[in-house]
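Have a look at the structure below, then the notes.
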Amino acid sequence: MLDAAPYVTIGELLDQFEVILFDSDGVLVSWPSVIAGASEAIEFLNHEGRQYFVITNDASMIAATRAARYAELGLAIDPARIISSGMLLKTYFEQRGLGGARCVVLGTEDSASFVVDAGGQVVPSDADFDVLVIGDQEGFPLLETTGNVLGTLFRKIAGGEFPHLVLPNPDLYYPTGDGFSFASGAVAAMFESALVQRFPGHGGLTFSRLGKPHPAIFEEVIRRSGTESLIMIGDTPGTDIRGANNMGITSVLVNSGAAPIDLSTLPPSDIPTYRLKSLAL
């Protein structure tokens with residue numbers, strides 16, 4: 001199985017593909033540090049005028065905020081090169097006619113900004129709502145806020161109302177500087193578990209997941225880049241690699257972040273085309 005994903009260098013990839021796609025956490029950064037090789041790779045791409053994008057499931061920061069955070073770490077990444085799952089809310093709201101909908105947003109102020117940009121009306125967590133968006137796992141008191149929201153959900157569903165449940169970032173965990181931590185997907189899983197127990201046998205009480213490995217974020221990249229000559233460099237087989245593979249995009253697993261050493265236990269959908277030891281040129 002390992003032979004199916006030979007090691008290459010990033011230089012070899014640059015010779016073959018027009019656009020490079022980087023995951024963020026675990027590939028470029030492990031907050032608050034830059035991952036070895038990332039600074040040099042980004043500096044080279046900027047100097048050579050090569051096209052690249054950072055595509056991240058993290059919906060806690062708008063592009064300008066994220067670019068500023070990268071700059072603090074020495075990564076000069078233009079906001080126009082950043083595509084996050086939070087940006088996908090705009091299309092989600094447009095397709096479902098949710099302009100003006102009352103939205104509870106669990107997450108940061110930037111998470112709420114994505115919802116406002118999509119046309120939603122952000123309301124307090126103890127208010128009635130039409131849409132629940134889990135934008136991040138931080139930025140709110142977890143138990144108090146989720147308790148308020150869960151109570152409203154139970155009441156509405158018992159009365160025959162079914163709010164939209166939206167999860168831009170489906171990740172369950174993410175790498176940190178010294179280990180791992182829960183991501184917003186874990187918060188959604190908590191809600192879904194409670195809903196299943198409260199309303200057994202009732203289908204559809206799950207969140208719409210927008211980020212990797214789902215296709216919407218890759219479709220946005222193709223739209224922006226104007227080409228399908230893409231390669232996705234990520235550290236997580238079940239999101240970065242699976243999502244790219246499902247879209248017919250060449251996938252590369254870099255040995256950082258959440259990347260497993262042994263690929264033999266992974267399903268075929270999660271096996272990368274290539275592997276990288278690091279982003280070092």
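The values are calculated or read from the model by the stated rules, or taken from the named source; none is laboratory data. Since the model is a prediction, treat every value here as computed from it, not as a measurement. The area values use the complete protein model at the heavy-atom level, side chains included, leaving out ligands, DNA and RNA. Shrake-Rupley method; radii C 1.70, N 1.55, O 1.52, S 1.80 Å.
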*Provide Rg and Dmax in Å for segment 55-97, with only Cα atoms included in the calculation.*
12.0, 41
*Could you work out the per residue convex hull volume over the alpha carbons of segment 126-253, in cubic angstrom?*
142
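What's the carbon and sulfur percent of segment 1-135's accessible surface, probe 1.4 angstrom, rounded to a whole number?
Carbon and sulfur together cover 50 percent of it.
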*For the chain, just the Cα set please: Rg and Dmax, both in angstrom.*
19.2, 59
*Viscosity 1.002 mPa s, temperature 20 °C: Stokes-Einstein D of segment 1-158 from its Kirkwood Cα radius, in µm² per second?*
120
*asked:* What three numbers, in Å, describe the spread of the alpha carbons of segment 162-205 along their principal axes, ordered from the longest?
replied: 41, 19, 11
*State the Kirkwood hydrodynamic radius of segment 94-138 in Å, one decimal place, computed from all pairs of distinct Cα atoms.*
10.3
*What does the helix-only formula give at 222 nm for the chain: each DSSP H stretch with n ≥ 4 adding -39500 (n - 2.57), the total divided by the residues, and the result rounded to the nearest 500 deg cm²/dmol?*
-9500 deg cm²/dmol
*Taking a temperature of 10 °C and a viscosity of 1.306 mPa s, what whole-number D in µm²/s does Stokes-Einstein yield for segment 69-178 with Rh from Kirkwood over alpha carbon pairs?*
105
*When the Karplus curve 6.51 cos²θ - 1.76 cosθ + 1.60 is applied with θ = phi - 60°, which whole-Hz ³J(HN,Hα) does each residue of segment 157-168 get, with x for Gly and Pro?*
5, 4, x, x, 9, 10, x, 5, 10, 10, 10, x
*With a probe of 1.4 Å, find how much accessible area segment 112-235 has per residue, and write the answer as a whole number in Å².*
46
_For Lys277, give me every one of the lysines with a C-alpha distance below 26 angstrom, ignoring sequence neighbours fewer than eight places off in its own chain._
Lys212
